[in-house]
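To start, the structure itself, in C-alpha cells.
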Amino acid sequence: MTQSPTDTLIGILDNGWAGLTEPARQRIFGAQLIIGAGRTLELIRPHIPTHIECRDMDGHVREVADWVLQARMSGQNAVILATGDPLCHGIGSLLGNRLENLEILPNLSCLQLAFAHFARPSQIYRIASCHGPDSGEWANDNSNTPAHSLYDLMQAISRNPHVAAFTSPENTPARIARALLAAGYDSSDIRISVAARLHLPDEALFENLSLQEAAQTEFPQPNVVLIEHLSVPRQAIFGFADADYIQRQPEKGLITKQEVRAVSLARLGIHEDSIIWDIGAGSGSVGLEAARLACQGHVYAIEKNVDDAANARVNARRLRATNYTLIEGKAPAGLEQWPAPDAVFIGGSGGELAQLIALILDRLKPGGHLVMNFVTLENLAVATQTLATHRANWDVVQLQASRSQPILDMHRMAAQNPVWIVSAQKP
C-alpha cells in the first residue's frame, strides 16, 4: 500500500506567491522546513509564518535529499522550492531517485512562457540545458571535450533544427552565440531569441537575433534561449568524396580513400554513443565521419604533422563537428588522458605500431573494435604478429579499388594502391 506523501517539491516562478496554486500554498503552510535557492526563499518569506524554517540550498543541492530525510526522522514535513517545472532539467529527477512518496506540484516552465511569448509551437523543440560549472568560452580549435558545460547543448544544436535551452549566469545567450560562431555556424544558418526576467516588471524579449548580434549583447538575467536553424541542408552522414576534404596537395595528403574509409568505418562497429580514437588523423576524414555516426559520442584524434592537423581542424569546422577533439602530437603520448574507447582506428603509427596495439588492446572496452589500415607488408606483419602475441581475435581484408577515368571519348579503370584492413575485437 502506497503511503501518502509527506514532502512536496513545488515549482515556483519569479512572480512568487502570486503564481502558486492554492494546493501549493497549503503545502507550504503545513511544512516545518522549506528548502530553496536564496532568491526563491525571499519570494515567499513575507507570506509564511515566522516559525517555519527556511534553508538556503545554494551550493548544497546534493545535500537536499539528506535534509529531507533528516526532517522526516524528526517528524517534520518539508517543502522544496524549485524554478518552474522541477522535472524539466531541474532538481526533480535527483530528488525522485532518493525520496519515496515525494509529491511534485509543477509550475509552468520558463521555456513554456518563452514559447508563448514568441508564439512558437513547443512540440518541435528539443529541450536542453547548459547549467553546470563554468568551463569558459567554447574554443574554435576542436579541443572541446564532453566535460565542457556547453557540450550537450552544442550536440543538441548540431542534431536538431529547433532547440530551447535553459541558460546559466556563466553560459549566457551571448556565450552560446559565440560558441556557435566558433563551431562554424554563421548568420545565414541560425537565429536566436531570448526571453529574460519572465514574470517580472522589467521582462524583456529579444527575437530573431543573428549570431553576431546575440554574441555582442548583454542580456538581463535570468533568461532562456530559443535557437532555430533557418535552413537544414541535407548532408550525407558519411561517404564524402575525397575532394570534399582539404588536404595537402598534390597527392601527398594523408587521407584514407573513400572506398577504404567506408569499409574501415563499417568494421569499427560504431554506435550512436561510441567513444572513438583516431590515431594518425591525417586530414581527419575517418575521424570526422566517425563523429557523424557517433552523433551522441565523441571522437578523440591525434596527428603529428602540423599541416595535416591544421587541415583536419578546417575540415572539422566545415562539417561543424562539435563532438571531435584533435590534438597535435605523436601517439602514444597523451592517450592515457583519453577515456577508454569503444573503437580505435589507426591510420598512421609513426613507427610505434607494436606499442600502440598493446596499449589499445589494454584500454579498449570489452567487445571494442580496433581497425588498422596498411599499405606496406612490413607494417602488416608487425600488426598481425602483435595481435597474435596478445591473443586477440583478428582478420585481414585486402581491398583494391579501381576508379573510372576518361580516355578520349571513352573510359578506363585506374587502379588504386591495395590496402590491408586489419580488424581485431577485444573479447
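The values are calculated or read from the model by the stated rules, or taken from the named source; none is laboratory data. These numbers come from a predicted model, not from an experiment. Cβ: placed from backbone, ideal geometry, glycine included. Neighbour counts: every protein chain shown.
Could you please find all residues in segment 8-37 being part of a helix (DSSP H, G or I) and under 22 Å from L99 (Cβ atoms)?
Scanning segment 8-37 gives P23, A24, R25, Q26, R27, I28, F29.
With respect to A310, is the statement that it is in the same structural domain as A392 (by TED's automatic domain parsing), free of Cβ contacts under 8 Å to residues at least 24 places away in the same chain and among the aliphatic types (A, V, I, L, M) true?
yes
How many of the residues in segment 53-90 are farther than 17 Å from N107 by Cβ and in contact (Cβ under 8 Å) with a residue 40 or more places away in the chain?
6
The conditions are (1) in contact (Cβ under 8 Å) with a residue 40 or more places away in the chain; (2) more than 28 Å from L364 (Cα to Cα); (3) not polar (S, T, N, Q), and Y300 fails exactly one of them. Which is it?
(2)
Can you name every residue in segment 276-312 that is more than 14 Å from I237 (Cβ to Cβ) and surrounded by fewer than 21 Cβ atoms within 10 Å (Cβ to Cβ)?
If the condition is that a residue be more than 14 Å from I237 (Cβ to Cβ) and surrounded by fewer than 21 Cβ atoms within 10 Å (Cβ to Cβ), then K304, N305, V306, D307, A310 are the ones that fit.
Considering each of Q32, Q112 in turn, give the residue that is of a type outside the set (D, E), free of Cβ contacts under 8 Å to residues at least 60 places away in the same chain and closer than 25 Å to S149 by Cβ.
Details: Q32 fails: closer than 25 Å to S149 by Cβ.
Unique residue meeting the criteria: Q112.
Before we move on, is T256 within 21 Å of I346 (Cβ to Cβ) and more than 23 Å from the chain's Cα centre (by Cα)?
Details: within 21 Å of I346 (Cβ to Cβ): yes; more than 23 Å from the chain's Cα centre (by Cα): yes.
When the stated conditions are applied, T256 passes them.
Rundown of residues vs (1) without any contact (Cβ under 8 Å) to a residue 24 or more places away in the chain; (2) more than 14 Å from A114 (Cβ to Cβ), yes/no style:
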{"position": "A165", "(1), (2)": "no, no"}
{"position": "E170", "(1), (2)": "no, yes"}
{"position": "I176", "(1), (2)": "no, yes"}
{"position": "L180", "(1), (2)": "no, yes"}
{"position": "S193", "(1), (2)": "no, no"}
{"position": "P201", "(1), (2)": "yes, yes"}
{"position": "A204", "(1), (2)": "yes, no"}
{"position": "T217", "(1), (2)": "no, yes"}
{"position": "Y245", "(1), (2)": "no, yes"}
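What number of residues within segment 182-197 satisfy the criterion of being in contact with a strand residue (DSSP E or B) (Cβ under 8 Å, 6 or more places away or on another chain), assigned to a loop (DSSP other than H, G, I, E, B) and not acidic (D, E)? If you could, list the steps in order and put the result at the bottom.
Kept after step one, since they are in contact with a strand residue (DSSP E or B) (Cβ under 8 Å, 6 or more places away or on another chain), are these residues of segment 182-197: 189-197.
Now drop any that are not assigned to a loop (DSSP other than H, G, I, E, B), which leaves 189, 197.
Filter once more, keeping what is not acidic (D, E): 197.
So the answer is 1.
For the condition aliphatic (A, V, I, L, M) and part of a strand (DSSP E or B), what is the one hit in A147, A139, A165?
Result of the check over A147, A139, A165: A165.
Would you pick out the residues in segment 188-221 that are farther than 17 Å from C110 by Cα, surrounded by 14 or more Cβ atoms within 10 Å (Cβ to Cβ) and either of a type in the set (F, W, Y) or out of contact with any Asp or Glu (no Cβ under 8 Å at 6 or more places or on another chain) (or both)?
Within segment 188-221, D189, L209, S210, E213, A214, A215, T217 qualify.
If the requirement is being touching a helix residue (DSSP H, G or I) at 6+ places or on another chain (Cβ under 7 Å) and surrounded by 13 or more Cβ atoms within 10 Å (Cβ to Cβ), which of these qualifies: L387, L380?
Of the residues listed, the single one that is touching a helix residue (DSSP H, G or I) at 6+ places or on another chain (Cβ under 7 Å) and surrounded by 13 or more Cβ atoms within 10 Å (Cβ to Cβ) is L387.
Every residue in segment 350-377 that is surrounded by 12 or more Cβ atoms within 10 Å (Cβ to Cβ), assigned to a loop (DSSP other than H, G, I, E, B) and over 29 Å from the mean Cα position of the chain (by Cα), please. Working first, answer last.
Taking segment 350-377 and keeping what is surrounded by 12 or more Cβ atoms within 10 Å (Cβ to Cβ), we get 350, 352-361, 363-365, 368-374.
Still in the running and assigned to a loop (DSSP other than H, G, I, E, B): 350, 352, 364-365, 368.
Selection gives G350, E352.
For segment 106-136, name all the residues that are among the hydrophobic types (A, V, I, L, M, F, W, C) and part of a helix (DSSP H, G or I).
Correct list: C110, L111, L113, A114, F115, A116, F118, I124.
Please enumerate the residues belonging to segment 78-105 that are assigned to a loop (DSSP other than H, G, I, E, B) and surrounded by fewer than 18 Cβ atoms within 10 Å (Cβ to Cβ).
Residues satisfying the conditions are L87, N97, R98, E100, N101.
Taking segment 330-343 only, how many residues are at pLDDT 95 or above, part of a loop (DSSP other than H, G, I, E, B) and among the small types (G, A, S)?
Residues meeting the conditions: 1.
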